[in-house]
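The structure appears below as structure tokens.
The values are calculated or read from the model by the stated rules, or taken from the named source; none is laboratory data. As the structure is a computational prediction, the values presented were derived from the model and not from experiment. Here the Cβ positions follow ideal geometry from the backbone for every residue, glycine too, while neighbour counts run over all protein chains shown.
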Amino acid sequence: MVEQHEERIHMAVGKIWVFVEATGGEVSNTSLELLTKARELADTVEAVSVAGDAVAAAAGAHGATTVHQVDGTDDKLLGPAVAGAIAAAIEAGSGPDAVFIATSYDGRDVAGRLSVKLDAPVITNVVDVVDAGGSLAGVEPIFGGTTNVTTRFTTDKPDVFLIRPKSFAAEESGGAPAAVSSLPVPDLGATGAAVVTNRFVEEQTGPSLDDADIVVSGGRGLGESEKFEMVEQLAKALGAAPGASRAIVDAGWVPYSYQVGQTGKVVKPNVYIAAGISGATQHLVGMKGSKTIIAINKDPEAPIFSVADLGIVGDVHKVLPKLIEALQGR
Amino acid sequence: MNVVVCVKQIPDPADPGALDPETKTLVRSGKLILDESDSYGVEMALQLVDAAGGGEVTLVSMAPNDEQSGLRTALAMGAAKAVLVSDEALRGSDALTTAKVLAAAIGRTGQPDLVLTATESSDGYTGTVPEQIAELLSLPSVTFAKSIAVDGGTASVQRQTEAGYDDVQVPLPAVVSVTAGVVEPRYPSFKGIMAAKSKPLDQVTVADLGMDAGQVGWSGAGQEIVDVSEAEAREAGTIVEDDGEGHQKVVEFLAELKVI
Ligand SMILES: Cc1cc2nc3c(=O)[nH]c(=O)nc-3n(C[C@H](O)[C@H](O)[C@H](O)COP(=O)(O)OP(=O)(O)OC[C@H]3O[C@@H](n4cnc5c(N)ncnc54)[C@H](O)[C@@H]3O)c2cc1C
Ligand SMILES: Nc1ncnc2c1ncn2[C@@H]1O[C@H](COP(=O)(O)O)[C@@H](O)[C@H]1O
């Protein structure tokens, strides 16, 4: 008789919950990235979402068996309700060993509220989660990404990680749509009192920063607001998405949705072109993962050159117009 | 209307810290300055109190080493007074402990109508402290405010979102975190700087807040660093001076990458 061997891959933890976000019924890419990673580390992966039915198919296809639906948030901010529901489940003993939350607007709210409810820390700015022998540890870049610090929890509470977008590649597992079940929200008292009265969606044309194969970003070196047009023209010529440093977002030259960096978008295109951007660490963390980086800056000492595959030491007002013309002529 | 602003004092970004080889934590010593991100909260608070026609702005800060220079800068902008929680035991405190200390310090200031913070500190950037403070104080909150207006007992906030922004109404008292761009911070005037020297600054210890020193700092962190390593560095690229033909180099490179 042949002995039956059940080959089981060792998993770091039993169950991970992923806070799955969606805008207009569309699941956020970061949520799918987190589900993919969670699958590698846990026996069971489940989603927590306020958009249960809308995300069940995508969450299932990326490894979640269940979507725990949090109700009653239509005109509310998500932090108190989602954190309240997760904390109540943990208290009742039906919660996870770890919670993965994206560094997003709502994600940070959920993590902050949850940490107080659990009286446990959150490991933030995580770019990788590793198996630390029966528990999980988060890898966090510091000093502008030159050093990685790995931290694990020393409490017996569930491990809460706030994970940066584009830390992992989203891959389908081929799973069936996740079953949707309701996760009750406890009484939130005053904490749930904020009400959303209107939602404004900014118009967007061309490829989005998230998905574009090429990103062209401009910074303060452009000199004045009108000159951002050069960035837009170059982006158009390349079929790229335009982006920006925070300096020119704060100055009001372009909307916040263009911002690349620590408090903006994390982008990982095939090609990133930085024009008139110094390369402050907070900008670098948002674009350093790009496959190739081209920088144009008049200062040969600009830190952006330390990450550039091709650096042009020159004036954007001279280089960009010629570059646009050359590309348009092709 | 009384507004409390949490302001962090940080090492001058022009002079970054170093990792302690022994404890593997960031060493932050010496002079601290006002985190620029918090100057927006201070300005917003001053404008809101002004618009309300009365009340005052109180600063709350936590630092391990008696440093007051950052607070004096914010007092010079126009804040009325400050509470500084300073204690060696606070060294190494994580975000949750920081929030507990700040929440306790806010409690000492009376009953504020509004607590303002920045969305994230420049040196810690966990971005969780504002929401933790709100939860500890059982208050509603709105993060990522790009504008705030107060009418009676309600604040109207435009909150940044992935897609644009949301209009949010929140009853006071509440915690609101503000982005850079919510208002343009003023520069302290000479008169303001002189006046700041004599404004009340209530310096307290962890024990004064009724907290146990063993619950803060490294011992209270609930996490430990298991590894510190060099990140993979990008390979050095080609840097060329633009001689009038720099754009051609870019075109050639893009062609090589087969994106054009
Ligand atoms: C908490 C926090 C979060 C932050 N988050 C972000 C973020 O998400 N994203 C972000 O980008 N920043 C962020 N910042 C800000 C960051 O520190 C920098 O201030 C910002 O990135 C600088 O933008 P910049 O490079 O456009 O401007 P500058 O630093 O002023 O650089 C302008 C560059 O243009 C060059 N230049 C000038 N003229 C020309 C010319 N004619 N031709 C060519 N080059 C020229 C100069 O040499 C210089 O290098 C954050 C800061 C903090 C404290
Ligand atoms: N030690 C501190 N003292 C005062 N305010 C702080 C402190 N730490 C954090 N904050 C406030 O909380 C915000 C978010 O901080 P963080 O969670 O560290 O990114 C900061 O921008 C400050 O407004």
Practice item. Give the residue that is farthest from ligand 2 (Cβ to nearest atom), with candidates limited to residues of the range B:131-149 that are in a strand (DSSP E or B) and of a type outside the set (V, I, T). Key: B:A149
**Study point:** Single match in B:A195, B:A236, B:A145, B:A180 (criterion: among the aliphatic types (A, V, I, L, M), surrounded by fewer than 15 Cβ atoms within 10 Å (Cβ to Cβ) and closer than 23 Å to B:V4 by Cβ)
**Key:** B:A195
Exercise for review: For A:G189, indicate whether it is modelled with pLDDT of 95 or more and more than 30 Å from B:S229 (Cβ to Cβ).
Suggested key: yes
Practice item. May I ask you to verify whether B:L19 is more than 14 Å from every other protein chain (Cβ to nearest Cβ) and either closer than 24 Å to B:Y125 by Cβ or more than 16 Å from ligand 1 (Cβ to nearest atom) (or both)? Key: no
Check your understanding: Which of (1) part of a strand (DSSP E or B); (2) of a type outside the set (S, T, N, Q); (3) over 20 Å from A:D213 (Cβ atoms) is the odd one out, the single condition A:P300 does not satisfy?
Key -> (1)
Check your understanding: Is it the case that A:G133 is closer than 30 Å to B:E235 by Cβ, modelled with pLDDT under 95 and more than 7 Å from every other protein chain (Cβ to nearest Cβ)?
Key -> no
Exercise for review: Output the residues belonging to the range A:17-60 that are in a loop (DSSP other than H, G, I, E, B) and of a type outside the set (D, E).
Suggested key: A:V20, A:G24, A:G25, A:S28, A:V50, A:A51
Check your understanding: Just one of B:L102, B:L84, B:L59, B:L75 is away from ligand 1 (no atom under 16 Å from the Cβ), within 14 Å of another protein chain (Cβ to nearest Cβ) and touching a helix residue (DSSP H, G or I) at 6+ places or on another chain (Cβ under 7 Å); which is it?
Key -> B:L102
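So which of A:V285, A:V216, A:V319 ends up being in contact with a His (Cβ under 7 Å, 6 or more places away or on another chain), within 12 Å of another protein chain (Cβ to nearest Cβ) and more than 7 Å from ligand 1 (Cβ to nearest atom)?
Result: A:V319 is the single residue among A:V285, A:V216, A:V319 that is in contact with a His (Cβ under 7 Å, 6 or more places away or on another chain), within 12 Å of another protein chain (Cβ to nearest Cβ) and more than 7 Å from ligand 1 (Cβ to nearest atom).
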Check your understanding: Do we find that A:G72 is of a type in the set (G, A, S), closer than 19 Å to A:S104 by Cα and at pLDDT below 95 in this structure?
Key -> no
Review point. In a helix (DSSP H, G or I) and under 21 Å from B:R72 (Cβ atoms) - does that describe any residue in the range B:108-130?
Key: yes
**Study point:** Test for B:L114: is it within 14 Å of ligand 2 (Cβ to nearest atom) and closer than 19 Å to A:V82 by Cα
**Key:** no
Practice item. List every residue pair whose Cβ atoms lie under 6 Å apart, where the two residues are 6 or more positions apart in sequence or sit on different chains, the first residue falls within the range A:67-83 and is farther than 26 Å from B:L136 by Cβ, and the second residue, located anywhere, is buried (at least 24 other Cβ atoms within 10 Å of the Cβ) and of a type in the set (S, T, N, Q). Key: A:V67/A:S49
Check your understanding: Applying the selection to the range B:199-257, what residues are farther than 30 Å from B:A79 by Cα, touching a residue at least 60 places away in the same chain (Cβ under 8 Å) and assigned to a loop (DSSP other than H, G, I, E, B)?
Key -> B:A221, B:G222
Check your understanding: Using beta carbons and a limit of 7 Å, which pairs, at least six apart or on different chains, have the first residue in the range B:4-15 and over 18 Å from B:G127 (Cβ atoms) and within 14 Å of chain A (Cβ to nearest Cβ) and the second one more than 14 Å from ligand 1 (Cβ to nearest atom) and part of a strand (DSSP E or B)?
Key -> B:P11/B:L32
Practice item. Go through (1) surrounded by fewer than 19 Cβ atoms within 10 Å (Cβ to Cβ); (2) within 15 Å of ligand 1 (Cβ to nearest atom) one by one and return the number of the condition B:T117 breaks. Key: (1)
**Study point:** Subset of the range B:133-189 [among the acidic types (D, E) and more than 8 Å from chain A (Cβ to nearest Cβ)]
**Key:** B:D151, B:E184
Exercise for review: Would you check if there is a residue in the range B:84-107 being away from ligand 2 (no atom under 14 Å from the Cβ) and out of contact with any Ser or Thr (no Cβ under 6 Å at 6 or more places or on another chain)?
Suggested key: yes
Practice item. Mind counting the residues in the range B:62-72 that are away from ligand 2 (no atom under 13 Å from the Cβ) and either among the aliphatic types (A, V, I, L, M) or touching a helix residue (DSSP H, G or I) at 6+ places or on another chain (Cβ under 9 Å) (or both)? Key: 1
